[in-house]
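Please read the structure below before turning to the comments.
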Amino acid sequence: MTIREMQEEILRLKTEKDVCILAHTYQSHEVTEIADFVGDSFQLSLKAKSAPQGTVLMCGVRFMAETVKLLAPEKTVYLSSEHAGCPMAEQLTPGQVRDEKKKYPGCMTVAYINTTAELKAEADVCVTSSSAAEIVKKLPAADILFIPDVNLGAYVQAKCPEKRLHFMNGCCPVHASVTAADADAAKAEHPGALFLAHPECRAEVLSRADYVGSTAGITDYVKNSACREFIIGTETSVAVHLGFEYPDRRFYPLSAKLVCRDMKATSLPDVYRILKEGGRPLELDAALLSGARGCLDRMLALG
Ligand code: SF4
């Protein structure tokens, strides 16, 4: 089968079996082409709720499939690859978070959406990279335990000086791998390009950016900019997708290090096999479901 033949078969099967395919922006282009919707974690979580289909196939990583199940427990949810975890989402244990909370009496716990359902169950509210500062500002507590990403946390702290944010050593190993030297080298190589960066990057990288935002924010920035060249400071797939969307503009990945192996664990044949043969639906036990759901509902109410 060629790529195109497999894509056509996938489109036929998903219609026949009433499946909604959601794909994160970090998926390969051949996968995003067959998706009903492509977006970042927040956009996908909203789509998960409103999709009319009874079955959702998440092309992304495990915490994203869990988020779909939490928001739409009545749906059958499949993850595109059993091997697609997220190192950041799994860096902390619920016990570690409970111990840390005791150090800051009266604090509220804010969990980045890139966390396991078990960690979400420990949190008061969930946030995305685009909603984090807005939501933290609205919380009644002055002390905030922000898990797990210290880099996103530092970015939020700078926007919310009235709050005291406390951290626990988590980060995205992909975004945290790029340094100020990488940013300086990319800017020197492409002096006419604007530099757009994701807040999971280190502060030393963000301080060199012309714009900092989520993947959806970066995409919107490009759409509204008159500039023709951009250095893209997030997973390299975003630069590829933007190249297809705006073929008359140039997009340079900030660094070849910005490749997420977990996001790349999904192949087009994985999607095809699940649609053709079925897969193992994601299950969350009822107690975990109700424990973790609350912080997502608060995010949707506050964000
Ligand atoms: S890019 Fe980072 S946060 Fe996103 S899935 Fe990969 S490891 Fe997790």
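Okay, here's what the table says:
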read-out	value
Cα centre as origin, Lys/Arg/Asp/Glu Cβ charges: the chain dipole, Debye	540
Cβ-based charge dipole, the chain, positive-most Cα from Val31, Thr116, Cys59	Thr116
Among Gln91, Tyr246, Cys20 the positive-end extreme of the charge dipole of the chain (Cβ point charges)	Gln91
Two-site FRET efficiency, Ser225 against His190, from Cβ-Cβ distance with R₀ of 22 Å, rounded to 0.05	0.90
The stretch 188-283: GluC sites (Glu not before Pro) in DSSP coil with no more than 10 other Cβ atoms inside 10 Å	Glu283
Per residue, the convex hull volume that the Cα atoms of the stretch 94-171 enclose (Å³)	76
Cβ crowding within 10 Å averaged over residues, with 102-111, 88-97, 217-226 ranked highest first	88-97, 102-111, 217-226
Residue among His166, Gly213, Leu275 farthest towards the positive dipole end of the chain, charges placed on Cβ	His166
Length-normalised contact order of the stretch 175-253 in % [C-alpha pairs under 8 Å, at least 6 apart]	29
Sequence-separation-based contact order of the stretch 44-173, relative, with Cα cut under 8 Å and 6+ spacing, percent	20
Under-5 Å amide H pairs with Ile21, H placed in peptide plane, nonlocal only	Asp36, Phe37, Leu57
Under the span-like rule (Cα at least 18 Å along the axis, Kyte-Doolittle mean at least -1.0), DSSP H helices of the chain	3-16, 286-302
Estimated dipole of the stretch 56-109 in Debye, rounded to 20 [Cβ of Lys and Arg +1, of Asp and Glu -1, Cα centre]	220
Amide proton proximity set for Leu194, modelled H, under 5 Å, gap of 5+	Glu229, Phe230, Ile231
Anisotropy class of the chain from Cα gyration tensor, a/c 1.5 cut	oblate
Contour excess over end-to-end distance, with Cα ends at Lys159 and Glu283 and 0.36 nm allotted per residue	40.9 nm
Over the chain, relative contact order from alpha-carbon pairs under 8 Å, at least 6 apart, %	21
Cα-centred dipole magnitude for the stretch 175-253, charges only on beta-carbon of K, R (+1) and D, E (-1), debye, nearest 20	140
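The numbers here are math on the coordinates, done by the rules we state, and not lab data. Quick caveat: nothing in here was measured; it's all calculated off a predicted structure. Glycine gets a Cβ as well: all are built from the backbone with ideal geometry, and neighbour counts include every protein chain shown.
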